[in-house]
């Protein structure tokens, strides 16, 4: 169960507010409302409900039909729903030109744990670049990048290998096109970008375009990684 107080002056639709809180997509939240998982001030929420200052929103933990899966997204594919997981959405996205590991679930607790920046969950990437990276790149990425487009938090870890043409980066933030934008600010051109790890789960052994449904042991690991159990 999760309780959130709405403290903004301007009213907002509940699905928009909870999306911004990292609970899930608006579609996911509408599903939670339909299944009566969400209340406002003790009353069951309805589709289209609006929140006003002082309202208390409670999201009950779903206990049935929860699905957790990994997917190795191929390069050139747009992140979205996939046939094997019709009731799930990806937790975060990879842009079309990137490939690698995605987690799919319909458990809002995992969505919040992974997407809410205050939790600082790790995701690891392998990046190939056209120009040769120098040690200065490591220094700047660890300090954080500041551009006209925005501010990017310091990376958790960064290492250069392959004679300077590959970079391994661990992020705890999750802004759109974050790695591409940071490296672009350092005058480095990304040739390929692959997400190779989310929390304890790696892409090792998972073929491109394949879905893997987590087994009970792996689900337990995921929930522990997310501090849910």
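Screening residue 43 with (1) touching a helix residue (DSSP H, G or I) at 6+ places or on another chain (Cβ under 8 Å); (2) farther than 30 Å from residue 206 by Cα gives one miss only, at (1). Considering (1) at negative phi; (2) at pLDDT below 90; (3) crowded, with 16+ Cβ neighbours inside 10 Å, the lone condition that residue 27 does not fulfil carries the number (3).
Within the range 116-135, is even one residue within 28 Å of residue 4 (Cα to Cα), surrounded by 18 or more Cβ atoms within 10 Å (Cβ to Cβ) and in contact (Cβ under 8 Å) with a residue 40 or more places away in the chain? Checking the range 116-135: at least one residue is within 28 Å of residue 4 (Cα to Cα), surrounded by 18 or more Cβ atoms within 10 Å (Cβ to Cβ) and in contact (Cβ under 8 Å) with a residue 40 or more places away in the chain. Any residue that is assigned to a strand (DSSP E or B) and over 23 Å from residue 184 (Cα atoms) - is there at least one of those in the range 133-146? Checked against the condition, which is being assigned to a strand (DSSP E or B) and over 23 Å from residue 184 (Cα atoms), the range 133-146 yields no hits at all.
In the set (1) over 22 Å from the mean Cα position of the chain (by Cα); (2) assigned to a loop (DSSP other than H, G, I, E, B); (3) surrounded by fewer than 16 Cβ atoms within 10 Å (Cβ to Cβ), the condition left unmet by residue 163 is number (2). Only a single criterion out of (1) assigned to a strand (DSSP E or B); (2) exposed (fewer than 13 other Cβ atoms within 10 Å of the Cβ); (3) in contact (Cβ under 8 Å) with a residue 12 or more places away in the chain is not satisfied by residue 151, namely (3). Just one residue in the set 94, 102, 70 is at pLDDT 90 or above, in contact with a strand residue (DSSP E or B) (Cβ under 6 Å, 6 or more places away or on another chain), part of a loop (DSSP other than H, G, I, E, B) and buried (at least 16 other Cβ atoms within 10 Å of the Cβ); that residue is 94. Go through the residues of the range 203-216 one by one and say whether even a single one is closer than 17 Å to residue 127 by Cβ, touching a residue at least 40 places away in the same chain (Cβ under 8 Å), surrounded by 13 or more Cβ atoms within 10 Å (Cβ to Cβ) and over 15 Å from the mean Cα position of the chain (by Cα). Yes, the conditions are met somewhere in the range 203-216.
The values are calculated or read from the model by the stated rules, or taken from the named source; none is laboratory data. These figures come from a predicted structure and were not determined experimentally. Methodologically, a virtual Cβ is constructed for each residue, glycine included, from the backbone with ideal geometry; neighbour enumeration extends over all protein chains shown.
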